[in-house]
Amino acid sequence: MRPHMGEAITPRPPLSRRLLPRLLLVTVSLALSLLIGELAVRLLRPQEAMTITPRGLYVPDPPRRYRLRPGYVGTMTNHVEFAHRVAINGYGMRGREAAGRREPGVLRVLVLGDSFTFGVGAAEDETYPARLEAHLREAGVRATVANAGAPGYGVPDEVAWYERWGPEVAPDVVVIAPFLANDLQDAAPATSVRVVGGELVAGDQRGGARRWLYYHSHLFRLLKSSLLEGALRGRLGLAEPWARRQQRAELALYAPAPPAELGAAIAATDAAIARFAKLTTERHERAVAVLVPSLPQVDPR
């Protein structure tokens, strides 16, 4: 219909102004949908991810790689099974403060190890060093057991820690507890672990939106594990999932001959064990080794 003579013609608004309300509506709808999806996953199917709050559990410890930050207090959780308080004493060990000298009639035990010794997933009094102390006292032995385990350590890290900080703890007995599933991988000289902002960062990993989403969004982790762990992952040209690579590397340890790429790690571990034996002999401290088995070694299947 043509306008009558004298009627004003109202110009149509620019396309950008007409599209803006629709774009805002779509954006708000998408944001609300993601928020609802995130809440639903958190309530109905929470996804595991190890987080430590606040940041700052680790500090660089040159010429060694790193150690636990003395005086740190925080919470470690995987958002599904556990959330435990973590307190690090002045020596950089989990648990209460350790006396700096031997007391007559008190057996002093120092336990070296990785995350199993540290007690990831366990409260402080549930770690096996704490349980060992309780058992010794129940048996009538006056004893203190210090927990020097640190997540991610291999035998070379544990021996290096003992060489530097052991004299301050002054133990009578030193227990070293390798975990057979990944300690050789952790001992590889080429293994690069950096402390960035109090967190451990492996290799050339970087921050960014993807890392932030992984540690803060249950919805993102669900989509990642369900969509990017199967055939779609290969089609997108992505590398094999980390968990599968770890499992493949662990199973290779049980072959008649160890993988060639672990040669340097085996040499570093052997050298660390020899150094450990020499140090305990020089310091007149008894050495005990406890091998922590991996699941394929104890699972009847």
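The values are calculated or read from the model by the stated rules, or taken from the named source; none is laboratory data. Owing to the predicted nature of the structure, the values given are computational and were not obtained by experimental measurement. Positions of Cβ are backbone-derived with ideal geometry, glycine not excepted, and every protein chain shown enters the neighbour counts. Just the protein is used for accessible areas: all its heavy atoms, side chains included, with ligands, DNA and RNA removed. Shrake-Rupley method; radii C 1.70, N 1.55, O 1.52, S 1.80 Å.
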- Task: Give me a count of the residues in the range 62-77 that are at pLDDT below 90 and either surrounded by 13 or more Cβ atoms within 10 Å (Cβ to Cβ) or of a type in the set (Gly, Ala, Ser) (or both).
- Result: 2
- Message: Every residue in the range 132-158 that is in a helix (DSSP H, G or I) and more than 20 Å from the chain's Cα centre (by Cα), please.
- Response: Leu132, Glu133, Ala134, His135, Leu136, Arg137, Glu138
- Item | Tabulated pairs, the range 138-159, first over 18 Å from Thr269 (Cβ atoms), second of a type in the set (Lys, Arg) and not in a loop (DSSP other than H, G, I, E, B), C-beta under 6 angstrom, 6+ apart or interchain | Thr144/Arg108; Asn147/Arg94
- Item | Those residues of the range 145-193 which are at pLDDT 90 or above and β-branched (Val, Ile, Thr), in sequence order | Val145, Val155, Val159, Val169, Val173, Val174, Val175, Ile176
- If you check Asp125 against the conditions, is it among the acidic types (Asp, Glu), in a loop (DSSP other than H, G, I, E, B) and either more than 28 Å from Ala274 (Cβ to Cβ) or modelled with pLDDT of 95 or more (or both)? no
- In the set Pro104, Pro171, the lone residue that is in a loop (DSSP other than H, G, I, E, B), more than 24 Å from the chain's Cα centre (by Cα), touching a residue at least 12 places away in the same chain (Cβ under 8 Å) and closer than 23 Å to Glu282 by Cα is Pro171
- Could you tell me whether the range 278-285 includes any residue that is in contact (Cβ under 8 Å) with a residue 12 or more places away in the chain, assigned to a helix (DSSP H, G or I) and either touching a helix residue (DSSP H, G or I) at 6+ places or on another chain (Cβ under 9 Å) or open to solvent by 60 Å² or more (accessible area, probe 1.4 Å) (or both)? yes
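Suppose we filter Gly203, Gly207 for residues that are open to solvent by 40 Å² or more (accessible area, probe 1.4 Å), at pLDDT below 85 and under 19 Å from the mean Cα position of the chain (by Cα); which single one remains?
Gly207
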- Message: Restricting to the range 129-151, count the residues that are of a type in the set (Asp, Glu) and open to solvent by 40 Å² or more (accessible area, probe 1.4 Å).
- Response: 1
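One line per residue, one yes/no per condition, for (1) surrounded by 16 or more Cβ atoms within 10 Å (Cβ to Cβ); (2) under 16 Å from the mean Cα position of the chain (by Cα):
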| site | (1), (2) |
| --- | --- |
| Ser29 | no, no |
| Leu35 | no, no |
| Val41 | yes, no |
| Ala49 | yes, yes |
| Thr53 | no, yes |
| His79 | yes, yes |
| Phe82 | no, yes |
